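The values are calculated or read from the model by the stated rules, or taken from the named source; none is laboratory data. Computed from a predicted model, the values in this text were never measured in an experiment. So basically every Cβ, Gly included, is an ideal-geometry build from the backbone, and we count neighbours across all protein chains shown.
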Amino acid sequence: MRIAMIGAGYVGLVTGACFADFGHEVVCVDVDAEKIARLNEGRVPIFEPGLAELVALNRRAGRLFFTSDTSRALVSVEAAFIAVGTPARVEDGAADLSYVEAATRAIAEYADGFLVVVLKSTAPIGTCDAVEARLAEGGAKGGFSVVSNPEFLREGAAIGDFKRPDRVVVGVEDERAKRVMADIYRPLAQSGAPIVYTTRRSAELIKYAANVFLAMKVTFINEIADLCESVGGDVVDVANGVGLDSRIGRKFLSAGPGFGGSCFPKDTVALTRFAKEARAPLRLVETLVEVNVERKLAMARKIVRACGGSMSGKRVAVLGLTYKPNTDDMRDAPSLTIVPALKAAGAKIVAFDPEGMASARAQLPEIEFSASAYECVEGADALAIVTEWDAFRALDMARVKASMRTPVVVDLRNVYDPEAMRGLGFIYEGVGRGAAASRSSPPSRGRRRTSEELSLDRLRP
Ligand code: NAD
């Protein structure tokens, strides 16, 4: 089958390459002409394990093409997937549908026969209806049918997720489009992946409900981690003990600096927005959004506390900047809150990330970048592990300690064992690992405030 993929970003590129690998002929189109030029030169613009090889293989096989000309991409295709961004609108956090609208207008203008238009972007409930109305207004020649097919892949494991999904969700309301979708996903159905057919609105809602539920697990365990620090439990053991319950599951129960990335932050906010508009507010989700925003600043305060309360002139080595390992994606990464907060408190920041530094340079100006983890920690007063790249899991800690000025480690991903680290002579602080540094209490009236309290104040939202 010949398929057009509109948008060649993380989702469009991975989906397009995987469909081509199933044997379909795929044309990816993107308005970013530079991205398309790079792809046509054989260069993949994002870091995603295995993607460059998959793209190269399918280009060589003559099944995967790139163009910035939408009219060419839509010639004789049976399905056009919309995989453009739906970022948060700056003014209110609702999903910005302008890219979906532009893609829809282009389809209305250039489609040359009956076309199944598949919305893969994450978009609020009712967006497929709006796409359908616009296509009808735009006079799409040859007829069309609109389908919702949300994507659940994770960056860093995207190809495996796409090829071995827990499920594929297809919101479709007519038999002809259902047959086309069944043909497209036949290779996955044959390998046993459940294909969930439902209405378009249910499909749209499944995507948001799934993301928000995962974000809720993360936020829940983060709050349990805080409780552990206050009462003396170890959140790693608690998460294991809780997560081994098959009704709950261990995944997404790792305490850390709060969720970030291209999806959870914007999708949680977007869901609260349209739930409110629909007069069915989701108070649980509204709260988790607030808790997660505050958490990133709380992590900066944790680092300040570990440094004795004052950051003035201190050199902090930050390992990991991307929102998670195995991606170069910096969207809404916790580092984008933590690093500026530490800088505002007077720290000098030196950072290293295996793949994220090119993008981080633009977003975190005025910090120093290192060429390796070991170079990064040289002369540091504290080390903060912010992203759990595998490359940081087995550092030679004796070497790290020898090159630091003060052996303070704040491990926001619980990569290292607290006992072992303290045994090596580090002042070590993880997240939720037993009684930690005492929490800051509000200053009492009439008392001179400590430098720590003043420092922490500057970090408060
Ligand atoms: P992205 O920003 O990486 O890619 C979007 C691409 O669309 C960009 O290359 C942009 O230039 C292109 N584009 C914009 N308007 C266009 C148009 N009119 N015609 C052609 N190309 C156009 O975004 P992404 O991360 O791939 O996300 C896409 C959608 O998938 C979003 O709705 C997102 O929420 C959802 N999603 C993302 C992930 C993820 O992990 N990144 C996972 C599941 C779902």
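Just to be sure, is residue 84 in contact (Cβ under 8 Å) with a residue 60 or more places away in the chain, more than 27 Å from the chain's Cα centre (by Cα) and surrounded by 18 or more Cβ atoms within 10 Å (Cβ to Cβ)? Quick ask: steps written out before the conclusion?
Details: in contact (Cβ under 8 Å) with a residue 60 or more places away in the chain: yes; more than 27 Å from the chain's Cα centre (by Cα): no; surrounded by 18 or more Cβ atoms within 10 Å (Cβ to Cβ): yes.
Judged against the criteria, residue 84 is not a match.
Among the candidates 107, 125, single out the residue that is crowded, with 17+ Cβ neighbours inside 10 Å and in contact with a helix residue (DSSP H, G or I) (Cβ under 6 Å, 6 or more places away or on another chain).
Details: 107 fails: in contact with a helix residue (DSSP H, G or I) (Cβ under 6 Å, 6 or more places away or on another chain).
Just a single option satisfies the conditions, and that option is 125.
Give the residue, chosen from 242, 304, 291, that is out of contact with any Lys or Arg (no Cβ under 7 Å at 6 or more places or on another chain), closer than 24 Å to residue 335 by Cα and surrounded by fewer than 18 Cβ atoms within 10 Å (Cβ to Cβ). Spell out how you get there, then give the answer.
Details: 242 fails: closer than 24 Å to residue 335 by Cα; 304 fails: surrounded by fewer than 18 Cβ atoms within 10 Å (Cβ to Cβ).
291 is the lone residue from the list that is out of contact with any Lys or Arg (no Cβ under 7 Å at 6 or more places or on another chain), closer than 24 Å to residue 335 by Cα and surrounded by fewer than 18 Cβ atoms within 10 Å (Cβ to Cβ).
Restricting to region 308-354, name every residue that is assigned to a loop (DSSP other than H, G, I, E, B) and either more than 24 Å from residue 292 (Cβ to Cβ) or not assigned by TED's automatic domain parsing to the domain that holds residue 257 (or both). Break it down into steps so the answer makes sense when it comes.
We begin by selecting, within region 308-354, every residue assigned to a loop (DSSP other than H, G, I, E, B); these are 308-314, 320-334, 345-347, 353-354.
Selection gives 308, 309, 310, 312, 313, 314, 346, 354.
Which residue pairs have Cβ atoms closer than 8 Å, lie 6 or more positions apart in sequence or on different chains, and pair a first residue in region 143-161 that is assigned by TED's automatic domain parsing to the domain that holds residue 47 and under 18 Å from residue 199 (Cα atoms) with a second residue that is of a type in the set (Gly, Ala, Ser) and near the ligand (Cβ under 9 Å from one of its atoms)?
As it stands, the answer is 151/83, since those pairs meet every condition given.
For residues in region 153-198 being assigned to a loop (DSSP other than H, G, I, E, B) and within 15 Å of the ligand (Cβ to nearest atom), which is surrounded by the most Cβ atoms within 10 Å (Cβ to Cβ)? Before the answer, list the steps.
Taking region 153-198 as the starting set, the residues that turn out to be assigned to a loop (DSSP other than H, G, I, E, B) are 153-157, 164-167, 172-174, 185, 191-194.
The next check asks that each one be within 15 Å of the ligand (Cβ to nearest atom); those that pass are 153-157, 165-167.
Numbers: 153: 19, 154: 15, 155: 25, 156: 19, 157: 16, 165: 18, 166: 9, 167: 13.
Among them, the one singled out is 155.
Closer than 30 Å to residue 343 by Cβ, touching a residue at least 24 places away in the same chain (Cβ under 8 Å) and touching an Asp or Glu at 6+ places or on another chain (Cβ under 6 Å): does that describe residue 313?
no
When region 88-104 is examined, which residues are found to be surrounded by fewer than 22 Cβ atoms within 10 Å (Cβ to Cβ), aliphatic (A, V, I, L, M) and near the ligand (Cβ under 9 Å from one of its atoms)? Even if it seems obvious, please write down each step before you answer.
Narrowing region 88-104 to residues surrounded by fewer than 22 Cβ atoms within 10 Å (Cβ to Cβ): 88-94, 96-99, 101-102.
Remaining after also requiring aliphatic (A, V, I, L, M): 88, 90, 94, 97, 102.
102 - this is the single residue of region 88-104 that is surrounded by fewer than 22 Cβ atoms within 10 Å (Cβ to Cβ), aliphatic (A, V, I, L, M) and near the ligand (Cβ under 9 Å from one of its atoms).
Can you find even one residue in region 127-141 that is within 13 Å of the ligand (Cβ to nearest atom), touching a Leu at 6+ places or on another chain (Cβ under 8 Å) and either without any contact (Cβ under 8 Å) to a residue 24 or more places away in the chain or not in a helix (DSSP H, G or I) (or both)?
No, there is no match, as no residue in region 127-141 is within 13 Å of the ligand (Cβ to nearest atom), touching a Leu at 6+ places or on another chain (Cβ under 8 Å) and either without any contact (Cβ under 8 Å) to a residue 24 or more places away in the chain or not in a helix (DSSP H, G or I) (or both).
So if I check each of 242, 212, which one is over 15 Å from residue 294 (Cβ atoms), within 16 Å of the ligand (Cβ to nearest atom) and not in a loop (DSSP other than H, G, I, E, B)?
Values: 242 fails: within 16 Å of the ligand (Cβ to nearest atom).
Of 242, 212, the one residue that is over 15 Å from residue 294 (Cβ atoms), within 16 Å of the ligand (Cβ to nearest atom) and not in a loop (DSSP other than H, G, I, E, B) is 212.
In region 5-20, which residues are in a helix (DSSP H, G or I), near the ligand (Cβ under 7 Å from one of its atoms) and not aromatic (Phe, Trp, Tyr)? Even if it seems obvious, please write down each step before you answer.
So in region 5-20, the residues in a helix (DSSP H, G or I) come out as 10-20.
Imposing the further condition that a residue be near the ligand (Cβ under 7 Å from one of its atoms) reduces the set to 10-12.
11, 12 - these are the residues of region 5-20 that are in a helix (DSSP H, G or I), near the ligand (Cβ under 7 Å from one of its atoms) and not aromatic (Phe, Trp, Tyr).
Using the structure shown, decide if residue 82 is more than 9 Å from the ligand (Cβ to nearest atom) and not assigned by TED's automatic domain parsing to the domain that holds residue 326.
On the way: more than 9 Å from the ligand (Cβ to nearest atom): no; not assigned by TED's automatic domain parsing to the domain that holds residue 326: yes.
No.
Would you check if there is a residue in region 41-48 being within 11 Å of the ligand (Cβ to nearest atom), hydrophobic (A, V, I, L, M, F, W, C) and either at pLDDT below 95 or under 20 Å from residue 153 (Cβ atoms) (or both)? Outline the logic, then answer.
Initial filter on region 41-48 (within 11 Å of the ligand (Cβ to nearest atom)): 45-46, 48.
Checking the rest, the ones that are also hydrophobic (A, V, I, L, M, F, W, C) come to 46.
Restricting the remaining residues to those that are either at pLDDT below 95 or under 20 Å from residue 153 (Cβ atoms) (or both) gives 46.
Scanning region 41-48, I find at least one residue that is within 11 Å of the ligand (Cβ to nearest atom), hydrophobic (A, V, I, L, M, F, W, C) and either at pLDDT below 95 or under 20 Å from residue 153 (Cβ atoms) (or both), so the answer is yes.
Please pick out the residue among 388, 366 that is surrounded by fewer than 17 Cβ atoms within 10 Å (Cβ to Cβ), part of a loop (DSSP other than H, G, I, E, B) and charged (D, E, K, R). Steps first, answer last, please.
Values: 388 fails: surrounded by fewer than 17 Cβ atoms within 10 Å (Cβ to Cβ).
Of the residues listed, the single one that is surrounded by fewer than 17 Cβ atoms within 10 Å (Cβ to Cβ), part of a loop (DSSP other than H, G, I, E, B) and charged (D, E, K, R) is 366.
Take residue 113 and tell me if it is within 17 Å of the chain's Cα centre (by Cα) and either within 12 Å of the ligand (Cβ to nearest atom) or not assigned by TED's automatic domain parsing to the domain that holds residue 332 (or both). Full working, then the answer.
Working: within 17 Å of the chain's Cα centre (by Cα): no; either within 12 Å of the ligand (Cβ to nearest atom) or not assigned by TED's automatic domain parsing to the domain that holds residue 332 (or both): yes.
Against the criterion (within 17 Å of the chain's Cα centre (by Cα) and either within 12 Å of the ligand (Cβ to nearest atom) or not assigned by TED's automatic domain parsing to the domain that holds residue 332 (or both)), residue 113 does not qualify.
Out of 261, 249, I need the residue that is in a loop (DSSP other than H, G, I, E, B), within 16 Å of the ligand (Cβ to nearest atom), under 24 Å from residue 413 (Cβ atoms) and not assigned by TED's automatic domain parsing to the domain that holds residue 127. Which one? Full working, then the answer.
On the way: 249 fails: within 16 Å of the ligand (Cβ to nearest atom).
One residue alone meets the criteria, 261.
Only one of these is touching a helix residue (DSSP H, G or I) at 6+ places or on another chain (Cβ under 6 Å), surrounded by fewer than 17 Cβ atoms within 10 Å (Cβ to Cβ), at pLDDT below 95 and farther than 19 Å from residue 259 by Cβ: 143, 138. Name it.
That would be 138, the only listed residue that is touching a helix residue (DSSP H, G or I) at 6+ places or on another chain (Cβ under 6 Å), surrounded by fewer than 17 Cβ atoms within 10 Å (Cβ to Cβ), at pLDDT below 95 and farther than 19 Å from residue 259 by Cβ.
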